[in-house]
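Student: Have a look at the structure that comes next, please.
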Amino acid sequence: LEAKEEIDHNSLAVDVMTPRRGDPALTVLTQEGMTVGEVESLIESTRFSGFPVVLSQESQRLVGFVLRRDLLISIDNARKRQDGIVSASQVVFTEHLPPLSPEAPPPLPLRGIMDLSPFTVTDHTPIDITVDIFRKLGLRQCLVTHNGKLLGIITKKDVLKHMAQIANRDPDSILFN
Ligand code: ADP
């Protein structure tokens, strides 16, 4: 038990985040190159409240965070009201529109709905400090990075679950003092 307590108090953001070791990677959007149709099927095939936006799949450099709800509303509105927005339209989170071929349908710029500075902690941040940040800043989710590279996500529920686990094993946990 003592060894376990030791581990609990030494938990790091990397131990609480999704994905855990061996789990599938995070569901992310790239800042350009994805189509409206691809983004829609990604939204439909998952239940996550939000998606990190990365520079590219290869780099996994964090660019921002976008809420599922805002994506749904914006794409829905654009399909209804914006001329030429179709499944093949490119979704663009960059500041400047990338060059498109003349035959391509008009792109859908969505930088406006992206949180450009989502809260992040590094993988080595102790979890009790992360819990403190969640409480004090009223966060709903926080991204985990290493040298600017996206590693994972921690939601408020993830934090609460982790705290409940610790409380079960160790009712006198310092987290509750
Ligand atoms: P909540 O934790 O409140 O249910 P979500 O529905 O967003 O919020 O997340 C559910 C679970 O999926 C959490 O454990 C979270 O860490 C994880 N998660 C959240 N967003 C993503 C994502 N984009 N890709 C992969 N996993 C995610």
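Student: Would you say S101 is in a loop (DSSP other than H, G, I, E, B), touching a residue at least 40 places away in the same chain (Cβ under 8 Å) and either touching a Leu at 6+ places or on another chain (Cβ under 9 Å) or of a type outside the set (A, V, I, L, M) (or both)?
Tutor: So S101 fails the test.
Student: Of all residues being over 17 Å from L29 (Cβ atoms) and either out of contact with any Leu (no Cβ under 9 Å at 6 or more places or on another chain) or of a type in the set (A, V, I, L, M, F, W, C) (or both) in region 141-154, which is surrounded by the fewest Cβ atoms within 10 Å (Cβ to Cβ)? Just the residue, please. Spell out the reasoning first.
Tutor: First, pick out the residues of region 141-154 that are over 17 Å from L29 (Cβ atoms): 142, 144, 146-148, 154.
When the remaining residues are screened for being either out of contact with any Leu (no Cβ under 9 Å at 6 or more places or on another chain) or of a type in the set (A, V, I, L, M, F, W, C) (or both), the result is 142, 144, 146-147, 154.
On the way: C142: 24, V144: 25, H146: 13, N147: 8, I154: 25.
The residue in question is N147.
Student: I'm told R81 meets every condition in (1) within 14 Å of the ligand (Cβ to nearest atom); (2) without any contact (Cβ under 8 Å) to a residue 12 or more places away in the chain except one. Can you identify the failing condition by its number?
Tutor: (1)
Student: Hey, any hits in region 27-46 for a residue that's within 10 Å of the ligand (Cβ to nearest atom), open to solvent by 60 Å² or more (accessible area, probe 1.4 Å), within 26 Å of I113 (Cβ to Cβ) and out of contact with any Cys (no Cβ under 9 Å at 6 or more places or on another chain)?
Tutor: Of the residues in region 27-46, the ones within 10 Å of the ligand (Cβ to nearest atom) are 27-29, 42, 46.
Filter again for open to solvent by 60 Å² or more (accessible area, probe 1.4 Å), leaving none.
Checking region 27-46: not a single residue is within 10 Å of the ligand (Cβ to nearest atom), open to solvent by 60 Å² or more (accessible area, probe 1.4 Å), within 26 Å of I113 (Cβ to Cβ) and out of contact with any Cys (no Cβ under 9 Å at 6 or more places or on another chain).
Student: Can you pull out the residues in region 130-140 that are exposed (fewer than 12 other Cβ atoms within 10 Å of the Cβ) and either of a type in the set (A, V, I, L, M, F, W, C) or at positive phi (or both)?
Tutor: L137, G138
Student: Moving on. Return yes when P106 is open to solvent by 30 Å² or more (accessible area, probe 1.4 Å) and not in a strand (DSSP E or B) and no when it is not.
Tutor: Working: open to solvent by 30 Å² or more (accessible area, probe 1.4 Å): yes; not in a strand (DSSP E or B): yes.
When the stated conditions are applied, P106 passes them.
Student: Looking at (1) in contact (Cβ under 8 Å) with a residue 40 or more places away in the chain; (2) surrounded by 15 or more Cβ atoms within 10 Å (Cβ to Cβ); (3) among the small types (G, A, S), can you tell me which one S74 breaks?
Tutor: (1)
The values are calculated or read from the model by the stated rules, or taken from the named source; none is laboratory data. Owing to the predicted nature of the structure, the values given are computational and were not obtained by experimental measurement. With ideal geometry, Cβ positions are generated from the backbone for all residues, glycine too; neighbour counts draw on all protein chains shown. SASA here: full protein model, heavy atoms, side chains in, ligands and nucleic acids out. Shrake-Rupley method; radii C 1.70, N 1.55, O 1.52, S 1.80 Å.
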